[in-house]
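Beneath this line is the structure, given in structure tokens, with notes to follow.
The values are calculated or read from the model by the stated rules, or taken from the named source; none is laboratory data. Small disclaimer: the values here were computed from a predicted structure and weren't measured. Virtual Cβ from ideal backbone geometry, glycine too; neighbours counted across all protein chains shown. Just so you know, the surface numbers come from the protein's heavy atoms only, side chains and all, with ligands and any DNA or RNA stripped out. Shrake-Rupley method; radii C 1.70, N 1.55, O 1.52, S 1.80 Å.
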Number of protein chains: 2
Amino acid sequence: LSLFYQPDIEPHYLSEEESRHAIKVLRLQRGDAIRITDGKGNFYDARITETGKHHCHFEILKTEKHPARDFQIHIAIAPTKNADRIEWFVEKAVEIGVEKISFLLCQNSERKSINLERIEKIAVGAMKQSQQAWLPQLTEMKKFDEVAHELADQKFIAVVDATNPIHLKQLATPAQKYLVLIGPEGDFRMDEIETALQNGFNKVSLGANRLRTETAGLAACHILNLIQ
Amino acid sequence: LSLFYQPDIEPHYLSEEESRHAIKVLRLQRGDAIRITDGKGNFYDARITETGKHHCHFEILKTEKHPARDFQIHIAIAPTKNADRIEWFVEKAVEIGVEKISFLLCQNSERKSINLERIEKIAVGAMKQSQQAWLPQLTEMKKFDEVAHELADQKFIAVVDATNPIHLKQLATPAQKYLVLIGPEGDFRMDEIETALQNGFNKVSLGANRLRTETAGLAACHILNLIQ
């Protein structure tokens, strides 16, 4: 059964884009069953009541509420120079499970802007693909300092350094609100790490190997999912 | 310091491709220090002794031996319809850490061949990028039945089914030789799962969400790295 995304369920019709997909690609018709998520914890079993070139109305047969998870993963990551890599990270993090993704502007950032609309589409696609009822929150680029002052139960900054910090899996405890900072290709600057430490972040390692930015982001996300 | 790959170190010169990279891209010259891995556990600190248009000779100053890990991860995965996705899997699995990747031909496989040369290049790039001394073994496409008869200490088949199998992290124990089978987009057929079970494989889950083939492969790889 195809899963559609309709953030505002009340009007009982699909967005133009989703309608097109339903009618032109999947060739669904009046009377066909569809499944819809609002990305806010609800699945709806619905039936198509009317279709046109660009619209698709439905009636809801059943609502299925999914509570939010009892932990919350927020990954704040510096977008990679190559946009594909950060888009890939978003797709995979959503599949694996993440509540919030922020994009960090660091001193060593080579990419200073992102295409949030495109990234949101990727996140919606991954949510539908992995059959989830919650769409993670995505935010516009934020300066490192701003994110370093955000609140969470457990705050981590992923670093590659000779002092061999403790592995994230050993520091994080289950059922918390986590925030993990992942630096750009050129890594965090020393004063950024200092700022983080002063704001209650712990330095962590994500494993023995040197990881690319997007791999580090996904590794952090996966580790936090696994310790639950 | 740039890391070069030279599987056969004895002749003391880099391959044409690596030579070009050293001379044309990095503009290295006689006397410059380089670092080389043979992908078989050795790092070499070396110095360039002679360069030409297509060649780069060196002398070895120091050899650094790295033992293989005390566990061995073998992921056998059905290549995705979209070649990018399986290439992405190879890059990320190598970064995270893997000993062997096989490509599975299943009954539901939409892709029946791979470009092994291209995939090997990606693996070499990821090995260099993540500063590792071992290049994982990559093999040509093999039929499901052949791989189902391969030997390992712990053998798993990742399945998405209603019987809710145990999570891989709960079944795998540290320091073993693992083999994990990851199915195609259309999933394994029942008789393939039966064959695996008869050959000592255990069904496992990789988490709560439905994962794409390449994401499942990476998740399995990451989980096995984390339980050590």
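Within the stretch B:111-119, can one find any residue that is surrounded by 15 or more Cβ atoms within 10 Å (Cβ to Cβ), under 13 Å from the mean Cα position of the chain (by Cα) and outside any loop (DSSP other than H, G, I, E, B)?
yes
Considered as a group, the residues in the stretch B:183-220 that are farther than 23 Å from B:Lys112 by Cβ and within 11 Å of another protein chain (Cβ to nearest Cβ) include one that is nearest to the chain's Cα centre (by Cα), and that residue is B:Ala219.
Selection of first residues in the stretch A:163-183 that are open to solvent by less than 60 Å² (accessible area, probe 1.4 Å) and of second residues that are acidic (Asp, Glu) and modelled with pLDDT of 95 or more, restricted to Cβ pairs under 8 Å at least 6 apart or on distinct chains, gives the following pairs, ordered by first then second residue: A:Ala175/A:Asp70; A:Gln176/A:Asp153; A:Tyr178/A:Asp153; A:Leu179/A:Glu150; A:Gly183/A:Glu192. Do we find a residue being within 14 Å of chain A (Cβ to nearest Cβ), of a type in the set (D, E, K, R) and within 18 Å of B:His222 (Cα to Cα) anywhere in the stretch B:169-182? Yes, the stretch B:169-182 contains at least one residue that is within 14 Å of chain A (Cβ to nearest Cβ), of a type in the set (D, E, K, R) and within 18 Å of B:His222 (Cα to Cα). Inside the stretch B:56-76, residues that are touching an Asp or Glu at 6+ places or on another chain (Cβ under 6 Å) and of a type in the set (A, V, I, L, M) make up a count of 2. Residue pairs whose Cβ atoms lie under 7 Å apart, separated by 6 or more positions or on different chains, with the first residue in the stretch B:43-62 and under 17 Å from B:Ala133 (Cβ atoms) and open to solvent by 70 Å² or more (accessible area, probe 1.4 Å) and the second of a type outside the set (Phe, Trp, Tyr) and in a strand (DSSP E or B), are B:Leu61/B:Asp45; B:Leu61/B:Ala46; B:Leu61/B:Arg47; B:Lys62/B:Asp45. Of the residues that make up the stretch B:145-160, is at least one within 14 Å of chain A (Cβ to nearest Cβ), farther than 17 Å from B:Val90 by Cβ, part of a loop (DSSP other than H, G, I, E, B) and β-branched (Val, Ile, Thr)? Yes - at least one qualifying residue is present in the stretch B:145-160.
Pairing residues of the stretch B:119-133 that are closer than 11 Å to B:Gly39 by Cα with residues that are hydrophobic (A, V, I, L, M, F, W, C) and open to solvent by 30 Å² or more (accessible area, probe 1.4 Å), at Cβ distances under 7 Å and at least 6 apart in sequence or on separate chains, gives B:Ala123/B:Leu135; B:Val124/B:Leu135; B:Met127/B:Leu135.
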